[in-house]
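Report on the structure given below.
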Amino acid sequence: MGELKVRTRVTGALAVLPPGGLPLVTTPTGGTVDVVTAVSAPGFNPLDLLYASLAACMVLSARIAATRLGVADRLGEVRAEVGGEKAKDEPSRVETFNIRLEIAGDLDLATKQRIVEDAEAICTVSNTLRGLPELHATLG
C-alpha cells in the first residue's frame, strides 16, 4: 500500500447530559448529534454512533483503496452496513462487529474484494477496534 498521509484536524467529542434530559454530543468543529435512549425513538443511541463511525470510515476507506488501486474512476456507490452482537457475559460490550460492503461500479469481483480488504486495513476505526486501545477516564 502507499504511504499513509496524516491530516491534522481537531477531533474529539463532548457529551453533555442536562438534568433529566438526554445527551447532546458536539465536536470541536461544531457538529452536533442528539442521543436517544428509548427503544423506538428515531435517532442515534451510543451503539448506533459506534456502528456509524465504523460504517462511515469503511466507505471513505473504500474510496481511498480504489484510488490506490487506480480504479476510482470506475467506482460507483459504496454502502457499508454495520451491526454487531453484544457479549452475553460481563462487561457489557460488543463482541462481534459485522460489516457488509456493497460496491457498485464497473469493477470485477476480485477488485471489489480487494477494495473491501484494503478498506478494512486503511480504516482508522476498524484498526482501533481491533487494536484494543487503552482507555483513561478521569474526573475533571
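Taking a point 7 Å out from the Cα of Phe97 in the direction of its Cβ, the residues of the stretch 29-64 whose backbone N falls within less than 17 Å of it are 45-64.
Shown are Thr124, Thr111, whose ranking by accessible area with a 1.4 Å probe and every protein chain present, most to least, is Thr124, Thr111. I'd like the orientation of helix 109-122 relative to the chain: the angle between its Cα long axis and the longest Cα principal axis, in ° from 0 to 90, rounded to 10. Once rounded, the angle reads 40 degrees. Rolled with a 1.4 Å probe across the full set of protein chains, the surface gives Thr8 an accessible area near 140 Å². By the rule of a C-alpha distance below 18 Å, with chain neighbours fewer than 8 residues away ignored, the aspartates and glutamates paired with Lys5 are Asp118, Glu120.
Here the calculated FRET efficiency for Leu47 and Thr8, from their Cβ-Cβ distance with R0 = 30 Å, stands at 0.55, rounded to the nearest 0.05.
Give, as a single signed number, the net charge of other residues whose beta carbon lies under 11 Å from the beta carbon of Ala119, with Lys and Arg counted +1 and Asp and Glu -1. In short, +1. The Stokes-Einstein estimate for the stretch 17-70, based on a Kirkwood radius over Cα pairs and taken at 25 °C with 0.890 mPa s viscosity, is a diffusion coefficient of 185 µm²/s.
Computed over protein heavy atoms with a 1.4 Å probe, the carbon and sulfur contribution to the accessible area of the chain reaches 56%.
Computed on protein heavy atoms with a 1.4 Å probe, the accessible areas place Ile115, Ile103, Ile64 in the order Ile64, Ile103, Ile115, largest first. Among the GluC sites (Glu not before Pro) found in the stretch 80-140, those both in a DSSP coil and sparsely packed, with 13 or fewer other Cβ atoms within 10 Å of their Cβ, are Glu134.
For the chain, taking the reciprocal of the average inverse distance between every pair of different Cα atoms yields a Kirkwood hydrodynamic radius of 17.3 Å. Measuring with a 1.4 angstrom probe and ignoring ligands and nucleic acids, Ser92 comes out at about 90 Å² accessible. Its Cα gyration tensor gives the stretch 79-133 an equivalent ellipsoid; the semi-axes, largest first and in whole Å, are 27, 13, 7.
Annotation: per residue accessible area for the stretch 1-67 equals 73 Å², rounded to a whole number [probe 1.4 Å, protein chains only].
The values are calculated or read from the model by the stated rules, or taken from the named source; none is laboratory data. Just so it is clear, the model here is predicted, and its values are computed rather than measured. As a convention, Cβ positions derive from the backbone with ideal geometry for all residues, glycine included, and neighbour counts pool all protein chains shown. Calculation scope for accessible area: heavy atoms of the full protein, side chains included, ligands and nucleic acids excluded. Shrake-Rupley method; radii C 1.70, N 1.55, O 1.52, S 1.80 Å.
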